[in-house]
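K.L.:
Sharing a structure, written as structure tokens. Questions coming.
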Amino acid sequence: MANMSYLSVIERFHEYQPLIDELLQSILTGMADSQLFDDTGRAIRVFSEVAACYPFVELMYLLDENGHQVSPNLALIQQKIKLLAVGEHPDRSQRPYFLNAGDKSGVQITSPYLSNASGQLCLSASMGVSRLDASRGFVVVDINLTRLIEFMMGDSHRRKVTPLFKAVYLTLVTGLFIIVGVLVLISARDIWHLLAQGPQLAHDSLKPFGIIIYITLALAIFDLGKTILEEEVLMHKDIFRHSSTRRTITRFVSTILIAISIEALLTMFKASLGQVEYIQGAILMMLAVVGLLVALGLYVWLGAKAEALLTQTQSLRGRQG
């Protein structure tokens, strides 16, 4: 549930690029107006309306036909529109958003790049317009690519409550780690008592198995807490991808499999030492391990096949579109 990594953002961009292009073309086409160059108040109103509808639009500015910026930066900062001074007509003529536009008509969109202002992945979309003095100008907007992907996937509202989700998961993981600590302390105490018995240890050959059970439980609970911490707090989890859900389920079930396997092995050892009443339980646990392992393998295989088919279908639709 961490923020999307650059790799995830780029992957989603290429997956949704035709839709992204259509959306940005509609935004620029609707807001580009020659009057923006002569009326700063109108430019502020237009940008405010666009930013209110599309929260991923974070910057707008105007260029003349030579690529020099002729307006301040209109920036969306903490949900407020602010004018940021940029100096005396800085030269943007070598920037991709100007070079792409050139004498072309329509909206031109750059490839993703790292913004100097925010350090985040962004796009720039530009559109040439004819000014009132018959010269050519360009309206440019900078797009926060991560927010754009979240907007298109309908994930913006969930992101707002992500800190609450993280706090809950951290609380639960802390409780699990405390239990692990308690189990380790109990195991350490029992090991000390076991060593202190000395020659009497031969009369209680099953006692070490109780210690191993505590250690196994501590290991299983620690793995569970570690999995939750990594999957839900530290790593980005793309809930729209089936592979992300499969990864979480696989790690969780694997932890259970390890714990049950060790417990079944210990129970089998007890039976081999003469406690024959444990044989049936050991066999049932081994069968449970085999059943879980087969079910997990089948789930992973079917899930991978389904996701591959879905990806193939989406790619075909993208080519046809």
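K.L.:
In degrees, nearest 10, range 0 to 90: what is the angle between the Cα axis of helix 207-229 and the longest Cα principal axis of the chain?
P.N.:
In the chain, helix 207-229 runs at an angle near 10 degrees to the longest axis.
K.L.:
For segment 51-90, go through all pairs of different Cα atoms, get the mean of 1/r, take its inverse, and jot down that Kirkwood value in Å.
P.N.:
Radius from the Kirkwood sum: 10.9 Å.
K.L.:
Between I191 and F269, take the C-beta separation as r, use R0 = 25 Å, and let me know the FRET efficiency to the nearest 0.05.
P.N.:
0.90
K.L.:
Next up: Only Lys, Arg, Asp and Glu count, each charged at its Cβ (+1, +1, -1, -1), so figure out the dipole size of the chain about its Cα centre, rounded to 20 debye.
P.N.:
The calculated dipole for the chain is roughly 620 debye.
K.L.:
Compute the angle between helix 6-31 and the longest alpha-carbon principal axis of the chain, please, reported from 0 to 90 degrees and rounded to the nearest 10.
P.N.:
30
K.L.:
Using a 1.4 Å probe, what is the accessible area per residue for the chain, in Å²?
P.N.:
Heavy-atom SASA per residue in the chain reads 57 Å².
K.L.:
Return, ordered by residue number, the residues of segment 114-138 whose backbone nitrogen is under 20 Å from a label point located 7 Å along Cα→Cβ of N66.
P.N.:
From segment 114-138, the list is 128-138.
K.L.:
Tell me, Kirkwood radius of the chain from alpha-carbon pair distances, in Å?
P.N.:
24.8
K.L.:
Listed here are the pairs K160/K226; K82/K160; K82/K166; which of them are more than 30 Å apart at the Cα?
P.N.:
K82/K166
K.L.:
Let me ask something else about it. How large a share of the accessible area of segment 18-176, in percent, is made up of carbon and sulfur atoms when the probe is 1.4 Å and the other protein chains stay in place?
P.N.:
Of all accessible area on segment 18-176, carbon and sulfur atoms account for 53 percent.
K.L.:
Normalise the Debye intensity by I(0) for segment 1-151, one equal point scatterer per Cα, no solvent, then take log10 at q = 0.20 Å⁻¹ and round to two decimals.
P.N.:
Each listed q corresponds, in turn, to -1.34.
K.L.:
May I ask for the angle, rounded to the nearest 10°, between helix 279-320 and the longest principal axis of the chain, with both axes built from Cα atoms and the value confined to 0 to 90°?
P.N.:
Roughly 10 degrees, rounded to the nearest 10.
The values are calculated or read from the model by the stated rules, or taken from the named source; none is laboratory data. Source: prediction; values computed, not measured. As a convention, Cβ positions derive from the backbone with ideal geometry for all residues, glycine included, and neighbour counts pool all protein chains shown. Quick note on the areas: whole protein, heavy atoms, side chains included, nothing else; ligands and nucleic acids left out. Shrake-Rupley method; radii C 1.70, N 1.55, O 1.52, S 1.80 Å.
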